[in-house]
Amino acid sequence: MSSIRQLHTIFSPEAYELKLELDRSGRAFTGTVSITGKLQKAGHDIVLHAKDLEITRANLDGATVTTDKHQNDELILHSPDQLNAGEHTVYIEFKGKITDPMHGLYPGYFKLNGQDQELLATQFESHHAREVFPCIDEPAAKATFDLTLNTEPNIAVISNTPIKTQDLTDSKRQITVFETTPIMSTYLLAWVVGSLDHVQAKTKDGVLVRVYTTPDKIQQTKFALDTSIKTLQFFNDYFGVPYPLKKCDLVALPDFSAGAMENWGCITFRENCLLVDDGHTSTEKKQYVAMVIAHELAHQWFGNLVTMQWWDDLWLNESFATWASYLACDHLFPAWQMWTRFFTDETMLAYQRDGLASVQTVQQEVSDPAEITTLFDAAIVYAKGASLLYMLHSYIGAGIFQKGLSAYLKQFAYGNAVTNDLWQSMSAETNIDIASFMQPWLTKAGHAVVSAHVGAQSTYISQRRFYINPQAALKDNADLWPIPLMSDEVINTELLDAHTVSVDYVKSSTPFLLNRGRGGFYLSNYDPKHLLKLAESVTRRELTVIDRLGLLSDGLFLCQGGYQPTVQLLQLLEAYRSEDSYPVWLIIKDILNDLKMMVEGTPDLELQLQQFISDMVRPQYTRLGWRAVQNEAYE
């Protein structure tokens, strides 16, 4: 756990009343915050977080107190009299700066009708709320927020909840008061103010959904609005827990450091992650936008409604939202074949990074939230983590997985949880010890290559950690994972939890195949004789697209790591001469590129490879032609 003390264990906030006056042109703000909460034990101090703020006044239960700044952004309020354990109210007046780095409160720049314009936006994850107001800036310090913003007039003012009142003062300032938020973490509080326009509609459950952007891009919001409404409705049904807010705003920002941020009810996006120009946008770009929207909407439940206790479990938030984005998009856009794309874009990316000897584990101890940007590798935390959730979904079954998620969200709604809480919710739906199954995958680096020597009635199967560097693979290896074999045969061993086993199976008309549907997070390595039989199955089109894809991608990684000779991969590739699946062709392209590098500088081999490539490509060129055909499938 954290080596930095967690302040909510000293003083636990229950409600914030935050009032801010924003001076955009002066790059400054002034504010007051009243925090009601519970002191856990008697003492003289209440400790908050504050960074780069000037504290001008502080009261504790109505009495003026002194303040002192300490390491780790701590602001200590010291009372001359001992404070009893229990409820207290802190009141602080403060000043701060609006700065260009895209965290805390920052400006976003754009042009409108040729004129320079600015808006102001917040970005508080992971620990930047403290740059805008004194608070306890930890995910477990959940509280309600009553926000009032004093801004320029005649601009949009957006936050997590609907506007309660909005009035002009005598000095022509606009005062916007928002409804009280649900109990939530500080990193999810957000607001955006500036020249923005929007489109809107309601879900079938009455939730108001609005998509905001600068006025010149309002025509690019339709796809986002339609996708958001359908995705919210899908998650409502899937989780069995209704979206708990009255509205959901999605805001495109001209300046944004990340792709998007899941602020509850006020989701912010980089413009190219939300806006779609219907007349000039490719299907691939629409897929990307749809997945970003689905990712952030998944967080409204998984992260916002139920929040990790500490940043150690951030992997689960991001892994889950990555997996859920494919789930939702597959439901909304079945022609896109999202789970095939999941394998090529997420699982294969994870295989590549996870094959390095120095790779980190999925679950990491975080001692300081500032470490998150350096610790969390998208290929591991997002892609591998999502692939492990997909494996669990495949192993225990879609129904049990869904029931476990729903039970977890209902049990910990508006609270905090740790990873094991989710596993316990899922274990309650099945006789499998989910924690024991998942823990090795989360806490060990790397993944396995499962080798199969296939006999007439039995098969010898072994596992060993996969390394992309052949030299690293030579060292002794004691790593062991509980691997769901997911064979297409009836076998007597479903879970490989030893280094080597002998598996009996009932022989069928097709060759023995591991990891059907590519649910398992491992590579399969077959003996040369059996691999030729599988190649014949590819030629006869007896394998599904995902299994043809997986067999070939495994061959690519195994060849790169020295587990298979190149000639064996070429023999397998021969079986794909009639391949007509676009995702499979992405792997074929990668293999051909590798081969080109291998023969470069050897004219005879270069010529032979060119002929090989020509023979591979010709059937598909003949089938597709050079020009697109109306109503042609996505692939």
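Taking interchain pairs and intrachain pairs at least six residues apart, which have beta carbon atoms under 7 angstrom, with the first residue in segment 529-554 and among the polar types (S, T, N, Q) and the second open to solvent by less than 80 Å² (accessible area, probe 1.4 Å)?
Close Cβ pairs satisfying both conditions: Ser537/Thr510; Ser537/Pro511; Ser537/Leu543; Thr539/Ala575; Ser553/Met348; Ser553/Ile587.
Give the residue, chosen from Leu409, Leu388, Leu392, Leu422, that is assigned to a helix (DSSP H, G or I), open to solvent by less than 40 Å² (accessible area, probe 1.4 Å) and in contact with a strand residue (DSSP E or B) (Cβ under 7 Å, 6 or more places away or on another chain).
Result of the check over Leu409, Leu388, Leu392, Leu422: Leu409.
Checking the condition in contact with a strand residue (DSSP E or B) (Cβ under 7 Å, 6 or more places away or on another chain) and without any contact (Cβ under 8 Å) to a residue 24 or more places away in the chain, which residue from Ile175, Ile218 passes? Please lay out each step first, then the result.
Numbers: Ile175 fails: without any contact (Cβ under 8 Å) to a residue 24 or more places away in the chain.
Ile218 is the lone residue from the list that is in contact with a strand residue (DSSP E or B) (Cβ under 7 Å, 6 or more places away or on another chain) and without any contact (Cβ under 8 Å) to a residue 24 or more places away in the chain.
Only one of Lys246, Lys217 is touching a Leu at 6+ places or on another chain (Cβ under 8 Å), under 23 Å from Ile183 (Cβ atoms) and of a type in the set (D, E, K, R); which?
Lys246
Looking at segment 49-64, I want the residues that are touching a residue at least 40 places away in the same chain (Cβ under 8 Å) and have a partner that is hydroxyl-bearing (Ser, Thr, Tyr) with Cβ atoms under 7 Å, at least 6 apart or on another chain. Which pairs are those?
Going by the 7 Å Cβ cut-off, the qualifying pairs are Ile55/Thr67.
Of Gln620, Gln630, Gln611, which residue is more than 32 Å from the chain's Cα centre (by Cα) and in contact (Cβ under 8 Å) with a residue 24 or more places away in the chain?
Gln620
Given (1) under 16 Å from Ala143 (Cβ atoms); (2) more than 32 Å from the chain's Cα centre (by Cα); (3) open to solvent by less than 40 Å² (accessible area, probe 1.4 Å), identify the lone condition not met by Leu18.
All conditions are met except number (2).
Is it the case that Pro369 is more than 30 Å from Trp310 (Cβ to Cβ) and of a type outside the set (Phe, Trp, Tyr)?
Numbers: more than 30 Å from Trp310 (Cβ to Cβ): no; of a type outside the set (Phe, Trp, Tyr): yes.
The answer is no for Pro369.
Report, by residue number, each residue of segment 235-270 that is buried (at least 20 other Cβ atoms within 10 Å of the Cβ), touching a helix residue (DSSP H, G or I) at 6+ places or on another chain (Cβ under 8 Å) and either free of Cβ contacts under 8 Å to residues at least 40 places away in the same chain or not in a loop (DSSP other than H, G, I, E, B) (or both).
Within segment 235-270, Phe235, Phe239, Cys248, Leu250, Ala252, Leu253, Ala260, Met261, Ile267, Phe269 qualify.
Does Tyr576 fit the bill of being in contact with a helix residue (DSSP H, G or I) (Cβ under 9 Å, 6 or more places away or on another chain), open to solvent by 50 Å² or more (accessible area, probe 1.4 Å) and aromatic (Phe, Trp, Tyr)?
No; evaluated as a whole, the condition is false for this residue.
The values are calculated or read from the model by the stated rules, or taken from the named source; none is laboratory data. A quick note: this is a predicted structure, and the numbers were derived from the prediction, not measured. Because the Cβ atoms are built from the backbone with ideal geometry, glycine has one as well, and the counts that use them run over all protein chains shown. Please note that ligands, DNA and RNA were not included when accessible areas were found on the heavy atoms of the full protein model with its side chains. Shrake-Rupley method; radii C 1.70, N 1.55, O 1.52, S 1.80 Å.
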